[in-house]
1. Along the charge dipole of the stretch 35-181, which of P35, V45, G160 sits closest to the positive end, that is, farthest toward it, with unit charges on the beta carbon of Lys, Arg, Asp and Glu (+1, +1, -1, -1)?
2. Under a Cβ-Cβ cut-off of 13 Å, what is the net charge of the residues other than G160 that fall near it, where Lys and Arg count +1 and Asp and Glu count -1?
3. What accessible area per residue comes out for the stretch 52-181, rounded to a whole number of Å², with a 1.4 Å probe?
4. Quick one: if you stick a label point 7 Å off each Cα along the C-beta vector at S157 and M171, how many nm between them?
5. Largest first, what is the accessible-area ranking of W116, W27 with a 1.4 Å probe?
6. For a quick check, take a GNM of the chain with Cα springs below 10 Å and name the residue from E100, E79, E118 with the largest mean-square fluctuation.
7. Can you give the charge dipole size of the chain about its Cα centre, rounded to the nearest 20 debye, using +1 on the beta carbon of Lys and Arg and -1 on the beta carbon of Asp and Glu?
8. What FRET efficiency would be calculated for the residue pair A78, E28, taking the C-beta separation as r and a Förster radius of 35 Å, to the nearest 0.05?
Amino acid sequence: MACGAALAALTAVPAQAHGPQSRTPHWEAKDSGAPEVRFRGLSAVSRDTAWLAGTGGTVVRTTDGGASWRNVSPPGAAELQFRDIEAFDARRAVVLAIGEGEASRVYRTDDGGATWTESFRNTDARAFYDCMTFFDRRHGLAMSDPVDGRFRILSTSDGGRSWEVVPSAGMPAAQEGEAGF
């Protein structure tokens, strides 16, 4: 079972939920609603809210600490493989699809996954975006495997609404066969 799927399927239950005599935390299996999905991305926002992203263009979200999960996947994304998700709260999240060329995409939601906007689609067949991170609600980076011997980096300063390829000048050369995951 993939790490993300294990996290989606299991939710820690606080010891106090079992009475004053029990102080041992335990795990309870929970249904993510997507048993065939391999989850690769997890963004835990708070004790109550977490987002998961995975294969088949799937995004699920909980707002009740994992007691239930809701499928909030972008429409038309079933052929995509989501590997990374960064969420800011229960309403706002950015998800990265991986793959060669146009399979690498970024989507953003501001309404808990009710609607999604594609904010980046890779047009370079040589690039394969692997991961992303945000430093705050506005500033983030996404990384591709090397193109022309250097890792390719995307940058956003508006919370993932738009992305720009960072110039590779000054970036050290990738080692032979080096790539990301």
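1. Positive-most Cα among the choices belongs to V45.
2. Details: positive: R92, R105, R108, R137, R138, R161; negative: D84, E86, D110, E118, D136, D158, E164.
Counting the neighbours of G160, the net charge comes to -1.
3. Working: 6210 Å² over 130 residues.
Solvent-accessible surface per residue comes out at 48 Å².
4. So the two model labels end up 1.8 nm from each other.
5. Values: W116 35, W27 155 Å².
Accessible-area ranking of W116, W27, largest first: W27, W116.
6. For the chain, modelled as a Gaussian network with Cα springs under 10 Å, the answer is E79.
7. Values: 19 positive and 23 negative charges, 96 e Å.
Magnitude of the dipole: close to 460 debye.
8. Values: r = 30 Å, r/R0 = 0.85.
E between A78 and E28, to the nearest 0.05, is 0.75.
The values are calculated or read from the model by the stated rules, or taken from the named source; none is laboratory data. This one's a predicted model, so the numbers in the text were calculated from it and none came from an experiment. Quick reminder, even Gly has a Cβ in these numbers, built from the backbone with ideal geometry, and neighbours come from all protein chains shown. Just so you know, the surface numbers come from the protein's heavy atoms only, side chains and all, with ligands and any DNA or RNA stripped out. Shrake-Rupley method; radii C 1.70, N 1.55, O 1.52, S 1.80 Å.
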